[in-house]
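**Student:** So that we are looking at the same thing, I have put the structure below in C-alpha cells.
The values are calculated or read from the model by the stated rules, or taken from the named source; none is laboratory data. Just so it is clear, the model here is predicted, and its values are computed rather than measured. Positions of Cβ are generated from backbone atoms using ideal geometry, with glycine treated the same way; all protein chains shown enter the neighbour counts.
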Amino acid sequence: MSTIREVAHLANVSTATVSRVLNNDSTYKITEETRAKVIQAASQLNYRIHPNAKRPLRELSNMKIGCVLSVTKDKYNDPYFMSILSGAEERLLAEGLDVAFIRTGAELDEKHILLNTFNEPITGLILMETLNHETYEYLRKHVPYIVGIDTERWDIDNVGYDHHHVASMAVSHLIEKGHTKIGFIGGSGLRGNIRESQRYRGYYSTMHAAGLTVNPDWVIDCLWDEAKCIEKVDELCKSSRLPTAFFVASDLMAMAALNGLYNNGVAVPDETAVIGLSNIEMSKYSNPPLTTIHVPTKEIGMVAVDLLLERIKGSTVLAKRVSLPTNLIVRSST
C-alpha cells in the first residue's frame, strides 16, 4: 500500500499539501496545476485516504495541538525525546497540522506559565511526562484530548515500550556475557524512588531469577543528569568496589558513565562493560560504540499522533496502551 510521503515525492509537493488536496480543504490556496499533480500522483500510486476518518480534515486544520516534554534541563537537549517529537511533527504535518507550542513538565509547575499556556482553547496535547496530580487535573479540565508517551496516567491513551522487558533484555545480555556483578544506573522519577521504576524492577527481577546479588552500592540514582552520573561513577571507581558491568537506563547516561570510567582508566568492556537504552544516533559513535536496546522513538511519536487524531475524530473506545517492539543492538561496549 502506498503512503502519503510517496504521493508527495511523486508530485514534488509536501505531505501537508497532499493531505489537504485529497481532503478537499477549500481554505488551502494552491494552483490548479499543483492540485492536478497531487490527484494524478495519488491515482498513479492507487493511494487511498484512511477509511476510518470520522471528521473532515478541514475541521482539523484549525485545531491547536501542544506538547509537554519530559526533560530536566534545556528544552531541546535530549535526543530521545527530540526523536519522539520529530515523529509526532512528521505525522501532524501529513495531516496539515503542526505543534503549536512546546512546554516542559518543570515549566508547567510554574503557575503563571501553566495559566498563560492554556488561556485559550487547546484541542489536543501530547504528554511526555506524568506530571504532578494538580497540574495533570488542570490539563484534563482544559484540554479535551490528551495522549501520553509512557505516562502513568491510565485514563488516557498511551504509547511507548515495555520498560520492564527492556531492562530484563539488557541484564540477560550481560549475564550471557559471563557477568555476575552487575550495577544499575538510572534516575528517580515523580515518586522520587529509583527502585519503583519499571527499569529498575526489570533489572532486579532478572538478577534475582539468575541467583545473582544486587549490591546497593552499585545502584546509582543520577537524577538523569550527565554531570551527576560522571561524579557518582567517579566515586565508585575510587572506592575500588566497581562492578564488572552496568545496565544504564538511558543512552545519554550510559555515555556519561563511559566518560567517568575513561577518566579513571577503566577499560570498557575488559574491566567493566556498559549497556544503554534507546539507541540514540550518537550512541554508535561513543568510545567504545555503545551496546544498547533500540527503542523506536520516531514511531512512538507517530503512533501518539494517530491515537490523538482518532480521539479528535470521534473515537470513544476505552483508553488503551500501545507498546512498540524493541531489540538488542550489540556493539563494542559489552
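**Student:** Looking at Asp221, Asp251, Asp155, Asp225 in this structure, which one is out of contact with any His (no Cβ under 9 Å at 6 or more places or on another chain), surrounded by fewer than 18 Cβ atoms within 10 Å (Cβ to Cβ), not assigned by TED's automatic domain parsing to the domain that holds Met63 and not hydroxyl-bearing (Ser, Thr, Tyr)?
**Tutor:** Asp225
**Student:** While we're on this one: Output yes when any residue across the stretch 158-179 is part of a loop (DSSP other than H, G, I, E, B), touching a Phe, Trp or Tyr at 6+ places or on another chain (Cβ under 8 Å) and either on the phi < 0 side of the Ramachandran plot or touching a residue at least 24 places away in the same chain (Cβ under 8 Å) (or both), and no when none is.
**Tutor:** No: the stretch 158-179 contains no residue that is part of a loop (DSSP other than H, G, I, E, B), touching a Phe, Trp or Tyr at 6+ places or on another chain (Cβ under 8 Å) and either on the phi < 0 side of the Ramachandran plot or touching a residue at least 24 places away in the same chain (Cβ under 8 Å) (or both).
**Student:** A follow-up question, please. For the stretch 95-150, which positions are closer than 21 Å to Leu309 by Cβ, among the small types (Gly, Ala, Ser) and not in a loop (DSSP other than H, G, I, E, B)?
**Tutor:** Correct list: Ala100, Gly124, Gly148.
**Student:** A further question follows. Which condition number in (1) at pLDDT 85 or above; (2) assigned by TED's automatic domain parsing to the domain that holds Asp150 is the one that Val71 fails?
**Tutor:** Every listed condition holds for Val71 apart from (1).
**Student:** Another question, then. Which is crowded, with 24+ Cβ neighbours inside 10 Å, more than 17 Å from Ile293 (Cβ to Cβ) and either aliphatic (A, V, I, L, M) or in contact with a strand residue (DSSP E or B) (Cβ under 6 Å, 6 or more places away or on another chain) (or both), of Val233, Val214, Val266?
**Tutor:** Result: Val233 is the single residue among Val233, Val214, Val266 that is crowded, with 24+ Cβ neighbours inside 10 Å, more than 17 Å from Ile293 (Cβ to Cβ) and either aliphatic (A, V, I, L, M) or in contact with a strand residue (DSSP E or B) (Cβ under 6 Å, 6 or more places away or on another chain) (or both).
**Student:** Looking at the stretch 271-290, which of its residues are in contact with a Pro (Cβ under 8 Å, 6 or more places away or on another chain) and either in a strand (DSSP E or B) or buried (at least 21 other Cβ atoms within 10 Å of the Cβ) (or both)?
**Tutor:** Those that are in contact with a Pro (Cβ under 8 Å, 6 or more places away or on another chain) and either in a strand (DSSP E or B) or buried (at least 21 other Cβ atoms within 10 Å of the Cβ) (or both): Thr272, Ile280, Ser283.
**Student:** Please state which of the following conditions Ser197 fails to meet, knowing it meets all the rest: (1) surrounded by fewer than 24 Cβ atoms within 10 Å (Cβ to Cβ); (2) in contact with a His (Cβ under 8 Å, 6 or more places away or on another chain); (3) modelled with pLDDT of 95 or more.
**Tutor:** (3)
**Student:** Looking at (1) touching a residue at least 24 places away in the same chain (Cβ under 8 Å); (2) more than 23 Å from Gly276 (Cβ to Cβ), can you tell me which one His133 breaks?
**Tutor:** In the conditions (1) touching a residue at least 24 places away in the same chain (Cβ under 8 Å); (2) more than 23 Å from Gly276 (Cβ to Cβ), His133 misses (1) alone.
**Student:** What's the number of the condition Val266 fails, among (1) under 24 Å from Met169 (Cβ atoms); (2) of a type outside the set (Lys, Arg); (3) in contact with a Gly (Cβ under 9 Å, 6 or more places away or on another chain)?
**Tutor:** Single failed check for Val266: (1).
**Student:** Determine whether the stretch 15-34 contains at least one residue that is over 19 Å from Glu89 (Cβ atoms), charged (D, E, K, R) and modelled with pLDDT of 80 or more.
**Tutor:** Yes, that holds for at least one residue.
**Student:** Condition (residue is buried (at least 22 other Cβ atoms within 10 Å of the Cβ), touching a residue at least 60 places away in the same chain (Cβ under 8 Å) and among the small types (Gly, Ala, Ser)) applied to the stretch 73-83: is it met by at least one residue?
**Tutor:** No.
**Student:** When residues of the stretch 197-215 are filtered for being within 19 Å of Gly276 (Cα to Cα) and assigned to a helix (DSSP H, G or I), how many remain?
**Tutor:** Qualifying residue count, the stretch 197-215: 10.
**Student:** Residues to consider are Gly187, Gly178; find the one that is surrounded by fewer than 15 Cβ atoms within 10 Å (Cβ to Cβ), over 15 Å from the mean Cα position of the chain (by Cα), of a type outside the set (A, V, I, L, M) and in the same structural domain as Ala257 (by TED's automatic domain parsing).
**Tutor:** Gly178
**Student:** Return only the number of the condition from (1) among the β-branched types (Val, Ile, Thr); (2) in contact (Cβ under 8 Å) with a residue 40 or more places away in the chain; (3) in contact with a Pro (Cβ under 8 Å, 6 or more places away or on another chain); (4) surrounded by 23 or more Cβ atoms within 10 Å (Cβ to Cβ) that Val295 does not satisfy.
**Tutor:** (3)
**Student:** With the condition kept exactly as written, say whether any residue in the stretch 97-109 is surrounded by 23 or more Cβ atoms within 10 Å (Cβ to Cβ) and at pLDDT below 95.
**Tutor:** yes
**Student:** Within the stretch 54-63, can one find any residue that is modelled with pLDDT of 75 or more, in the same structural domain as Asn119 (by TED's automatic domain parsing) and within 28 Å of the chain's Cα centre (by Cα)?
**Tutor:** yes
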